[in-house]
Amino acid sequence: MSGAQMESTEVLLRVEGLRKVFHTSSGDVQALSDVSFDVRRGSLMGLVGESGSGKTTLGRCLLRLVEPTAGKVIFDGMDITRLDARGLKAMRKRMQIIFQDPFSSFNPRMRIRQIVGEALIAHGIGRSRRERDDIAAGLLEEVGLSADHLSRYPHEFSGGQRQRIGLARALAVEPEFLVADESVSALDVSVQAQILNLLQDLRDRRGLTILFIAHDLSVVEYLCDEMAVLYLGRVAEMGPSEAVYGTPAHPYTRALLSAIPTIDTARRCGRQILTGDIPSPLSPPSGCVFRTRCPHVIERCGEVVPKLTALSGRHQAACIRIGAFKDQERPVPEMLHLARLREEGD
């Protein structure tokens, strides 16, 4: 098998030139602009960026919960942006999402057996209610809950338990690909660790491929094999997590990493504090969208839209001044508590 053939076999999801524009009364909102990346089969890929960077929109465009304006989303060789309603329904069995707030995505009047069982009914899984209940009970137990919870309502559970139910619902149709949209951001740290460990275990046990959307870079470093950094609807940097965290090349990535909390007071002096807020997607800056906040901006940054440039291996960054600014240290993320919790769980 050639190298190109091996590459296409490894890639489960390929995004090419994805663009999303929302038409509003105030004007056109450029939510995503020319986004391209690959997600390898069996990998756990992180997607990070500030609020308003387009992370959730991107995740929903991949599943066509939001219709892309342009571009391609190729899943296992099939462009899902071209599928009709029937083809898209069949694809739903292979691609699922875990929402940030599971409570708002649940019908409060439905019991858990109905919430988890909805997808089973929609896709014709299970020949009777009893069989569907058995499947739902098995899913609850797989995510760390009990079959006794089937008869309860969503308000009777904690935030962490509701997130597990959301995960069980997503797994009901045995998908290959999951989008986890800020699935631990609203949880306590100890509960976060439990959900992260559960995602890793499910990935290994079921062979899942996961796109993990988050704003906590420490969590992404702990969990993900690869990552992409999004800023104002464009990919600023992407590659293996080890490379992006070890040798960040884009000024925005450096600023995000320097903001990770650390107990090492000596490293805090290396913080890079960005001035101003993320620009409005109604009128994004010309050229590089990060130039209005970049400490290394030059006049040419306003004239050229930077393309992703290969650095080493799969590590890429979109900046015309890569290597021109001085290398700076960053704080080391404090993730030992998560590692210890995982060891204790094992």
For an R0 of 56 angstrom, estimate the FRET efficiency from the Cβ-Cβ distance between Ala147 and Glu50 and round to the nearest 0.05.
-> 0.85
With axes computed from alpha carbons, what is the tilt in degrees of helix 336-345 against the longest principal axis of the chain, rounded to the nearest 10 within 0 to 90?
-> 20 degrees
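Could you order the peptides 127-133, 213-219, 108-114, 291-297 from most to least packed, using the average number of other C-beta atoms within 10 Å per residue?
213-219, 291-297, 108-114, 127-133
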When the chain is fully extended, how far beyond the present Cα-Cα distance does Val297 get from Ala70, taking 0.36 nm per residue of separation?
-> 78.7 nm
Looking at (i) 0.98; (ii) 1.00; (iii) 0.95, which value of Rg/Rh (Cα atoms, Kirkwood Rh) comes from a calculation on the structure shown?
-> (i)
For segment 8-48, list residues with backbone N below 18 Å from a point placed 7 Å from the Cα of Asp225 toward its Cβ?
-> 8-15, 37-48
In whole angstrom, note down how far apart the Cα centers of segment 110-147 and segment 174-216 are.
-> 20 Å
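Which order do the peptides 135-148, 77-90 take when ranked by the mean count of other beta-carbon atoms within 10 Å per residue, highest first?
Those peptides, ordered most packed to least, come out 135-148, 77-90.
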First select every other residue whose beta carbon is under 12 angstrom from the beta carbon of Ala122; then total the charges, Lys and Arg +1, Asp and Glu -1.
-> +4
Note to self, the chain gives a 222 nm [θ] from helices alone (DSSP H runs n ≥ 4, -39500 (n - 2.57) apiece, / all residues, nearest 500) of -10000 deg cm²/dmol
Excluding Glu67 itself, calculate the net charge of residues whose Cβ lies under 10 Å from the Cβ of Glu67, where each Lys or Arg counts +1 and each Asp or Glu counts -1.
-> +3
Run the numbers on the chain and let me know its relative contact order in percent, using alpha-carbon pairs under 8 Å that are six or more apart.
-> 19 percent
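None of the figures in this text is laboratory data; all of them are computed from the coordinates on show. All of these numbers come straight from a predicted model, not from anything done at the bench. As a convention, Cβ positions derive from the backbone with ideal geometry for all residues, glycine included, and neighbour counts pool all protein chains shown.
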